[in-house]
Amino acid sequence: MRRTLLLALLAGCATADAMTVPTGAPKSGLATAPNNELGLNPGESMAFEVKLGGIVAGEAQLAVGEIGDLQGKRVIVVTSRAATTGAAELVRHVVDEASTAIDVATGKPLTLDANVETGDKKLTSHAAFVGTRVEVNFTKSDDPVPHGYKIELGKTPIFEAHSAMAQLRGWRPTPGTTKQVFIIGGRRVWRVDVVLVGYETVGSVLGNRRAVHFKGSSFRARGNLTLESSTPGRTFEVWLSDDADRVPLKLSATTELGDITMELTDYSRP
């Protein structure tokens, strides 16, 4: 169970390859929230229980920092941590921590830093998003020589899990409308299609909540943005709270690992 898989659920997609980014921007003292389209609230935090095949297999946390400055731009930093717990931890130790600096004006990622532990192996990586190009550098514990690669998608914006999640939360469509984004996960590019199904009530540890229900599919894409297959690699569903915060209440996905669900266990914001 990897961060990209867990965060992909948060983002509304399901990338299975690990990738990471930078830690944070300095605070500027401003606490003004970004506009609603960004889909992030400064100072908010949330926690999730992760189940695989109905059995608790992990936990995940996500936190949003205050607005600051980076590379001459106003940014907001999103950090997350996912880890196996219980029986799953006994089978395989996995910890995945990531931090993304997101441009407040555009909602696009600027940098991504990550640290991944799988068993006794570790991977650290840094990604820089420059226009429509992504430059990635990574180092493995069993291969201390740094490696790097670039991905270029022409004029199409590229997102990663944190910024894609924010895009979904900030979206205010009418039922039946489909949103399409391209997301990077490791060396892969995914086209993610999300449609608003409608509004319904879902149960959670926080009680019954009115929710916005989305369904989506993710497709493996080539560098020229054509699809490797017309059959989706994964399908998923997301329920966001039907209020201004658009908090992820429940997420589910069908993957090669089995059916995975994430349910919100705690949420707070200033």
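Residue count for the stretch 239-264, restricted to those that are under 19 Å from Val56 (Cα atoms), of a type in the set (A, V, I, L, M, F, W, C) and buried (at least 19 other Cβ atoms within 10 Å of the Cβ): 6. Filtering the stretch 83-96 to residues that are touching a Ser or Thr at 6+ places or on another chain (Cβ under 9 Å) and either among the β-branched types (Val, Ile, Thr) or buried (at least 19 other Cβ atoms within 10 Å of the Cβ) (or both) leaves Val91, Val94, Val95, Asp96.
Hey, among Gly198, Gly148, which residue is at pLDDT 90 or above and in contact with an Asp or Glu (Cβ under 8 Å, 6 or more places away or on another chain)? Don't jump to the end; show me each part of the working.
Numbers: Gly198 fails: in contact with an Asp or Glu (Cβ under 8 Å, 6 or more places away or on another chain).
Answer to the check: Gly148.
Please determine, by comparing only the residues of the stretch 228-270 that are touching a Gly at 6+ places or on another chain (Cβ under 7 Å) and not in a strand (DSSP E or B), which one is farthest from His213 (Cα to Cα). This residue is Pro270. I need the full set of residues from the stretch 177-203 which are part of a loop (DSSP other than H, G, I, E, B) and either within 15 Å of the chain's Cα centre (by Cα) or within 17 Å of Asp243 (Cβ to Cβ) (or both), in order please. Across the stretch 177-203, the qualifying residues are Gly186, Gly203. So Ala127 clears everything in (1) part of a strand (DSSP E or B); (2) touching a helix residue (DSSP H, G or I) at 6+ places or on another chain (Cβ under 8 Å); (3) in contact (Cβ under 8 Å) with a residue 24 or more places away in the chain except one condition, right? Which one? Looking at each condition in turn, Ala127 falls short on (2).
Sub-6 Å Cβ pairs linking a first residue in the stretch 84-107 that is under 25 Å from Thr118 (Cβ atoms) to a second residue that is among the acidic types (Asp, Glu) and surrounded by fewer than 23 Cβ atoms within 10 Å (Cβ to Cβ), at least 6 apart or interchain, are Thr85/Glu59; Val95/Glu117; Ser99/Asp113, ordered by first then second residue.
Which one of these is assigned to a loop (DSSP other than H, G, I, E, B), of a type in the set (Val, Ile, Thr) and within 21 Å of Ser230 (Cβ to Cβ): Thr174, Thr156?
On the way: Thr174 fails: within 21 Å of Ser230 (Cβ to Cβ).
That would be Thr156, the only listed residue that is assigned to a loop (DSSP other than H, G, I, E, B), of a type in the set (Val, Ile, Thr) and within 21 Å of Ser230 (Cβ to Cβ).
Could you please let me know if Gly68 is crowded, with 19+ Cβ neighbours inside 10 Å and either among the hydroxyl-bearing types (Ser, Thr, Tyr) or outside any strand (DSSP E or B) (or both)? Judged against the criteria, Gly68 is not a match. Evaluation of Ala127 against the conditions (1) surrounded by fewer than 21 Cβ atoms within 10 Å (Cβ to Cβ); (2) under 18 Å from the mean Cα position of the chain (by Cα) shows that the sole unmet condition is (1). Screening Ala63 with (1) touching a residue at least 60 places away in the same chain (Cβ under 8 Å); (2) crowded, with 16+ Cβ neighbours inside 10 Å; (3) touching a strand residue (DSSP E or B) at 6+ places or on another chain (Cβ under 6 Å) gives one miss only, at (1).
If we scan the stretch 204-223, do we find a residue that is more than 20 Å from the chain's Cα centre (by Cα) and farther than 30 Å from Ser268 by Cβ?
Yes, because at least one residue in the stretch 204-223 is more than 20 Å from the chain's Cα centre (by Cα) and farther than 30 Å from Ser268 by Cβ.
The values are calculated or read from the model by the stated rules, or taken from the named source; none is laboratory data. If you're wondering where the values come from, they're calculated on a predicted model, not measured in any experiment. A quick note on method: Cβ atoms are made from the backbone with ideal geometry, for glycine too, and the neighbour counts reach across all protein chains shown.
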